[in-house]
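> The structure follows.
Read the figures in this text as sums done on the coordinates, not as results from a lab. Quick caveat: nothing in here was measured; it's all calculated off a predicted structure. Cβ placement follows ideal geometry from the backbone for every residue including glycine, while neighbour counts extend to all protein chains displayed.
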Amino acid sequence: MKSKPSMQESLINNDGYNKGNSKPHVGLIWLLVKVMYYLDAAFVDGQAAAAMVVRDDRGHLLYLASKLFTCVSAFVAEAEALLWASEYAKRGNWSRVEWETDSKEVEKAGRSEKEPTCWYAFHSICNICRYFVDPGWSLNWKSRRSNAVADAVAKMSFIC
């Protein structure tokens, strides 16, 4: 005879997330290991699309999302994509996150202790820097080839 599910098990919805907390888990084991965020943005004529791909340390897809917005440059689009994804992770109280972006400029600005110089991305970069003070978060540059899924999702978001 099957036992009645525990309160923890009954809170888990079909997509593998706990309804009381937005931290993803595998089975009933919380992901206390590193979570990887891959993000990218596409920019065309003042329109931008951001994409985030979240994977666990084994490469399993946990979450994928995109959004459309307007901005003035590719740099601002990449900065807004990082801000959007980092706000999502902060709301979920994710504490061990490795971030990967294919924008060297945004990676440099996000790790800098100096005040941002880009007027259009000033507040975004300030907020990003505030989030990345967390010792469990790291921001790294990776080539577009290693960020192919986020790159494709951002570009395809314009079509859909």
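> Taking the Cβ of each residue in 52, 156 as the centre, tally the other Cβ atoms inside 10 Å and list the residues starting with the fewest.
156, 52
> Could you please report the charge total around residue 52, scoring K, R as +1 and D, E as -1 over all other residues with beta-carbon less than 15 angstrom from its beta-carbon? Display every interim value, and only then the final one.
Details: positive: 55, 67, 90, 91, 142, 155; negative: 40, 56, 78, 80, 87, 98, 100, 102, 151.
Spelling it out: positives minus negatives among the neighbours equals -3.
> Can you tally the net charge around residue 133? Count Lys and Arg as +1, Asp and Glu as -1, for every other residue whose Cβ sits under 12 Å from the Cβ of residue 133. Numbers along the way, then the final one.
Values: positive: 90, 111, 130; negative: 113, 134.
Once all neighbours under 12 Å are counted, the net charge is +1.
> So which GluC sites (Glu not before Pro) in region 58-125 are both in a DSSP loop and have at most 12 other Cβ atoms within 10 Å of their Cβ? Intermediate results must be reported in sequence, preceding the final value.
Details: sites: 78, 80, 87, 98, 100, 105, 107, 113; in loops: 113.
Passing both the DSSP loop test and the Cβ count: 113.
> May I ask you to evaluate 6.51 cos²θ - 1.76 cosθ + 1.60, the Karplus curve with θ = phi - 60°, for each residue of region 144-153 and list the ³J(HN,Hα) values in order in whole Hz, giving x for glycine and proline?
Coupling constants for region 144-153: 4, 4, 7, 10, 5, 5, 4, 4, 5, 5 Hz.
> Are there trypsin sites (Lys or Arg not before Pro) in region 99-133 that DSSP marks as loop and that have at most 10 other Cβ atoms within 10 Å, and which are they? Could the numbers behind the result be given before it?
Details: sites: 104, 108, 111, 114, 130; in loops: 114.
Counting only loop positions with at most 10 other Cβ atoms within 10 Å, the trypsin sites (Lys or Arg not before Pro) in region 99-133 are 114.
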